[in-house]
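The values are calculated or read from the model by the stated rules, or taken from the named source; none is laboratory data. All of these numbers come straight from a predicted model, not from anything done at the bench. Glycine gets a Cβ as well: all are built from the backbone with ideal geometry, and neighbour counts include every protein chain shown. These accessible areas exclude ligands, DNA and RNA; they are computed on the full protein's heavy atoms, side chains included. Shrake-Rupley method; radii C 1.70, N 1.55, O 1.52, S 1.80 Å.
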Amino acid sequence: MTEVAGVILAGGKSRRMGTDKAFLTVGREAMIERVAAELRKVFKEILISGGDEETGRRLGLRVIPDLIKGGGPLSGIHATLIAAQSDKCLVVPCDMPFLSAELAKIMISQSEGYDVTVPQHGDYLQPLFAVYSKSCIPAIEEALNNNRHKVVDFYPRVRVKYVSEAILKAAADIDTVFFNVNTPFDLEKARIIDKKKKKVRRVNC
Ligand SMILES: Nc1nc2c(ncn2[C@@H]2O[C@H](COP(=O)(O)OP(=O)(O)OP(=O)(O)O)[C@@H](O)[C@H]2O)c(=O)[nH]1
Ligand SMILES: [Mg+2]
């Protein structure tokens, strides 16, 4: 199987949260620590995209700065694809506290022969929980240089595998796995979901 790196997106301004969200806690751990812990179960190479050096020191991971500034997460995907030793990267955001190693493995297994492998959940794609190959670099560069910053804008230029909900459901709790924390309200909701999940685990033990 192709080597794949895990990439945690940690740039951005957390404007809606009003404070750096990566280190806000859900349960005992900071969201970015939870994400890193899941990725460590699957990946040898893990990179942080954007964010400051202090974030890298705290997690013991290499921080890759964006090369084309102001391009949002697409710029982070671009710079880490260039920096990664692996041919492909599973890119995830730092604010997705319920993402799972099992789902990461499924995404990798689906990615053979494609430039992008992206989950399709209902009517929505999850382009920030997706596998990208180094072969995407020219198409991403063209999008960024033309001020097209929506991650999916370059998809028509490459081979995209859409991973169906049926496949996703077999590996993860589809209702929460892609939940991402953008606002203080989302954070409260995530903490409630986390408590519920822990209670269910205790009952099942
Ligand atoms: N490398 C990199 N990552 C980014 C950039 N902008 C956002 N991200 C990351 O991409 C993911 C999704 O972004 P958002 O949830 O919108 O985060 P944000 O842009 O910090 O938040 P808002 O300012 O509230 O939109 C998060 O993990 C961010 O840390 C960027 O310019 N570069
Ligand atoms: Mg978000």
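What GluC sites (Glu not before Pro) in region 1-105 are in a loop by DSSP, with at most 14 other Cβ atoms within 10 Å of the Cβ? Could the numbers behind the result be given before it?
Numbers: sites: E3, E29, E33, E38, E45, E53, E54, E102; in loops: E3, E45.
Here the sparse-neighbourhood loop sites are E3.
Computed in the context of the full set of protein chains, the accessible area of the chain at 1.4 Å probe radius has 51% of its extent on carbon or sulfur.
How much length is gained on full extension from K198 to V152, taking 0.36 nm per residue of separation minus their Cα-Cα distance?
Values: separation 46, 0.36 × 46 = 16.56 nm, distance 3.46 nm.
Here the answer is 13.1 nm.
Ordered by solvent-accessible area of protein heavy atoms (1.4 Å probe), largest first, the residues S135, S100, S49 come out as S135, S100, S49. Heavy-atom accessible area for F179, with the other protein chains in place and a 1.4 Å probe, reaches approximately 40 Å². Heavy-atom accessible surface of I167, to the nearest 10 Å², is about 60 Å², with a 1.4 Å probe and all protein chains retained. The listed residues C205, C89 rank as C205, C89 when sorted by accessible area, largest first, using a 1.4 Å probe.
Taking 0.36 nm per residue of sequence separation and removing the Cα-Cα distance, the R40/R57 pair yields an extension gain of 4.5 nm.
Can you compute the helix-only [θ] at 222 nm over the chain? Use -39500 (n - 2.57) per DSSP H run of at least 4 residues, normalise by all residues, nearest 500 deg cm²/dmol. Please report the intermediate quantities before stating the final value.
Working: 7 runs with 75 residues, N = 205.
Helix contribution divided over all residues of the chain: -11000 deg cm²/dmol.
The alpha-carbon of K13 sits under 25 angstrom from the alpha-carbons of these lysines, leaving out residues fewer than 8 places away in its chain: K21, K69, K150, K189. Secondary structure note: in the chain, about 35% of the DSSP beta bridges are antiparallel. Other residues lying with their Cβ under 12 Å from the Cβ of F43 contribute a combined charge of +2, Lys and Arg counting +1, Asp and Glu -1.
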